[in-house]
Amino acid sequence: MNKSEFATALLSGIKKFLSWIGIPDNMLDELDEIIFLILIIVIAFLFAAAVHAIFSRLNKKILKRKNAGLLDSFTKYNVLRKLTAVIPPLVISALLPFAFDKNSEWFIVSDKITWIYFCIALLISVNAVLNLLGDTLQNTKQLQSRPLKGFVQILQVIFSCIVVIIIISILIDKSPFKLITGLGAFAAVLMLVFKDTILGFVAGVMISEEDILRIGDWIEMPQNNINGTVTDISLDVVKIQNFDNTIVTIPPYSLVSGSFINWRGMSDSGGRRIMREYTLKLDYIKPCTPEFLEKMKTFDKDLAQFITEKQAQAATGQVANTENPAGLVNGTIDTNLGLLRAYMTMYLARHPFVSKDLLLMVRTLAPTGNGLPVQIYCFSSNKDWPSYESIQSEIMEHFVSVLPAFDLYPFQNSDARDTIISSFIESGKFDVSSIDGIPWHTIIPATEEKKTPTDSAS
């Protein structure tokens, strides 16, 4: 039995069934081709549903044992259902010759619709597979922070363009290769339309190749009001969540065409830098007298040992050199400021949250109109932002609190309150201890030799 005889016998059986349920014979004769088409569509979708059910059960059994993450991605993108969606048009295309003559209008129209449906179903299924592939690669430890989403999207764009060309060729009965060669005339227009996509793709390649940005990096771009963490990198947009929880989006090519600060180096290193300073008044910096050195020995035991070693070196005429570098840096006993630098260096060296493996120093900067800046330069071993700020604050608070012990004072612009307090003290009619707002180190204890209020203020 050839395909024509088979189709005739099948159609005859369907007509008998429809006649048995009450449809008139004259109406059935006019619906031969429609009945066949409906039957073919039903068979195609039933076959696709059966294939989906079988493979769905097998897929769940295999992936539950092997890779739960892959199963989640299969479910998320509904990959299996989209793949089986390409089966119905293939079945319909194979069965259409049984129903229609190849030269009939019904066959030509049905065949075009079938192949257009196939192209759309194939596009949807390929996009789902690419999304699945992107998720799988993104979950790989070595590729977790790479901007793979942009590459997946560019492949989806390329395949979508190919499918659109094929669909147009089906509609106008032209070879897709002729359409592709004819696109050269529209290249300028296409580049203009897809400018952002092309630039995004190029930027994505550069970002990935040079490893200049990863998901999770903390970046700063003051010109774009960006200071936060990268949450997503795609073909046409990079998402950053600022530390005030606002979301900023920028095109990828702005990252390679401009400049930005990436704090990944700090995060991957052993510490986060602390670099702060106070400006000290120049007229309070003075040479250390023997009496002052003896007094400072009682201030801190490590400082006492430092002073004793320096005095011994001075007495024996030792000179610091490469073999004996002690005392060459980080403080001297010549001035009260040198002694302060030595003390602050010891304080930082024994601080539990200051890195001992990275650079640590206390230095003076170039003098300014307000005095001599003394800078703390070290690294916090705790890089968490709140903890880092707390450690930095503690160090600077301690720094300013010990200045009076070394007879040093920071520069500070005076205000109206300072003028009033100065007037009270200079008048000599007020007990200094009864005036609020005087620095604690200017109050002379009762056990010490009595001085006038003016002497105490000095």
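Out of SER387, SER401, SER355, SER380, report the one residue that is at pLDDT below 95 and either charged (D, E, K, R) or in contact with a helix residue (DSSP H, G or I) (Cβ under 9 Å, 6 or more places away or on another chain) (or both).
Among SER387, SER401, SER355, SER380, only SER380 is at pLDDT below 95 and either charged (D, E, K, R) or in contact with a helix residue (DSSP H, G or I) (Cβ under 9 Å, 6 or more places away or on another chain) (or both).
For the range 97-107, check the following and say yes or no: at least one residue is under 25 Å from ILE162 (Cβ atoms), in the same structural domain as ALA49 (by TED's automatic domain parsing) and either of a type outside the set (Lys, Arg) or surrounded by 17 or more Cβ atoms within 10 Å (Cβ to Cβ) (or both). Can you show your working first?
In the first step, residues of the range 97-107 are kept if they are under 25 Å from ILE162 (Cβ atoms); the result is none.
Among the residues of the range 97-107, not one is under 25 Å from ILE162 (Cβ atoms), in the same structural domain as ALA49 (by TED's automatic domain parsing) and either of a type outside the set (Lys, Arg) or surrounded by 17 or more Cβ atoms within 10 Å (Cβ to Cβ) (or both), which makes the answer no.
Give the range 254-271 a look and list any residue that's outside any helix (DSSP H, G or I), surrounded by 16 or more Cβ atoms within 10 Å (Cβ to Cβ) and not aromatic (Phe, Trp, Tyr), or say none.
If the condition is that a residue be outside any helix (DSSP H, G or I), surrounded by 16 or more Cβ atoms within 10 Å (Cβ to Cβ) and not aromatic (Phe, Trp, Tyr), then ASN262, GLY271 are the ones that fit.
Could you list all residues from the range 221-252 that are surrounded by 15 or more Cβ atoms within 10 Å (Cβ to Cβ), in contact (Cβ under 8 Å) with a residue 24 or more places away in the chain and of a type in the set (D, E, K, R)?
Correct list: ASP236 only.
Being among the polar types (S, T, N, Q) and in contact (Cβ under 8 Å) with a residue 12 or more places away in the chain is the filter; apply it to the range 260-289 and report the residue that is nearest to ASN370 (Cα to Cα).
THR279
For the range 344-359, how many residues are surrounded by 16 or more Cβ atoms within 10 Å (Cβ to Cβ) and over 20 Å from TRP385 (Cα atoms)?
Count: 4.
Give me the pairs: first residue in the range 39-61 and in the same structural domain as SER93 (by TED's automatic domain parsing) and under 10 Å from ILE92 (Cα atoms), second residue surrounded by 14 or more Cβ atoms within 10 Å (Cβ to Cβ) and not aliphatic (A, V, I, L, M), beta-carbon distance under 8 Å, and six or more apart or on different chains, which are they?
ILE40/PHE98; ILE41/PRO88; ALA44/PRO88; ALA44/PRO89; PHE45/PRO88
Restricting to the range 18-48, and then to whatever is in contact with a Ser or Thr (Cβ under 8 Å, 6 or more places away or on another chain) and modelled with pLDDT of 70 or more, can you tell me which residue is surrounded by the fewest Cβ atoms within 10 Å (Cβ to Cβ)?
LEU37
Any residue in the range 412-436 that's more than 22 Å from ASP283 (Cα to Cα) and of a type outside the set (Phe, Trp, Tyr): show its pairings with residues that are modelled with pLDDT of 75 or more and surrounded by 11 or more Cβ atoms within 10 Å (Cβ to Cβ) at Cβ separation under 9 Å, as long as the two are six or more apart or on different chains.
Taking only residues 6 or more apart or on different chains, the pairs are VAL432/PHE424; VAL432/ILE425; ILE435/ILE421; ILE435/PHE424; ILE435/ILE425; ASP436/ILE421.
Somewhere in the range 175-183, is a residue buried (at least 18 other Cβ atoms within 10 Å of the Cβ) and either modelled with pLDDT of 80 or more or more than 26 Å from the chain's Cα centre (by Cα) (or both)?
Checked the range 175-183: no residue is buried (at least 18 other Cβ atoms within 10 Å of the Cβ) and either modelled with pLDDT of 80 or more or more than 26 Å from the chain's Cα centre (by Cα) (or both).
Could you say whether any residue in the range 375-385 is surrounded by fewer than 20 Cβ atoms within 10 Å (Cβ to Cβ) and part of a strand (DSSP E or B)? Working first, answer last.
So the first thing to find is which residues in the range 375-385 are surrounded by fewer than 20 Cβ atoms within 10 Å (Cβ to Cβ), and the list is 375, 377, 381-385.
Subset that is part of a strand (DSSP E or B): 375, 377.
Within the range 375-385 (the criterion being surrounded by fewer than 20 Cβ atoms within 10 Å (Cβ to Cβ) and part of a strand (DSSP E or B)), the answer is yes, since at least one residue qualifies.
Looking at GLU277, GLU291, which is the one that is at pLDDT 90 or above, assigned to a strand (DSSP E or B) and more than 25 Å from the chain's Cα centre (by Cα)?
On inspection, the qualifying residue turns out to be GLU277.
The values are calculated or read from the model by the stated rules, or taken from the named source; none is laboratory data. It should be emphasised that the depicted structure is a prediction, and the values quoted were computed from it without experimental measurement. We place every Cβ from the backbone using ideal geometry, glycine too, and count neighbours over all the protein chains shown.
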